[in-house]
Amino acid sequence: MARSRSSVASLLVVAAVSLTWLFVAPSAFAPSRGRVALRAVDVETEAPAKKAKAAWVGPQKGAWVRILRPESYWFQQRGTVVNVNQKPEIKYPVTVKFDLVNYANVNTNGFALWEVEEADAPGPGEL
């Protein structure tokens, strides 16, 4: 009987120790994700300084321009600037819209910066 009491007591001690170990170290049985989440507290980060915008090249959008390209259908006529691409690698950055259409029924065309000059807006009744 003394032997059975000591075995029961030792079994209870082992169960108590194992339960204590389970509650104290539950992360030992949790699956590891291999990542640790860290949160920085009270860290002030400054936004990087923005670049200054480059100077505008060419006529403004909506301006009236006269065409200087001799082989153009609209040579020496006026049109409205629709878009000016500011990238230097673009060959014809100025897109101009005209009131008249050419033989292909098109009323817009791209021009180089040196092929257009700013002009006055047409008066009433002239185009």
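Magnitude of the charge dipole for region 62-127, about its Cα centre and with charges confined to Cβ atoms of Lys, Arg (+1) and Asp, Glu (-1), is about 200 debye.
At R0 = 30 Å, how high is the FRET efficiency between TRP64 and ASN102 if r is their beta carbon distance? Nearest 0.05 is fine. That pair, TRP64 with ASN102, gives E of 0.95.
Extension gain, ALA112 to ALA15: 0.36 nm times the residue separation minus the Cα-Cα distance gives 26.1 nm.
Read-outs throughout are calculated quantities, based only on the coordinates presented, and are distinct from any laboratory measurement. Since the structure is predicted, the reported quantities are computational estimates derived from the model, not experimental observations. So basically every Cβ, Gly included, is an ideal-geometry build from the backbone, and we count neighbours across all protein chains shown.
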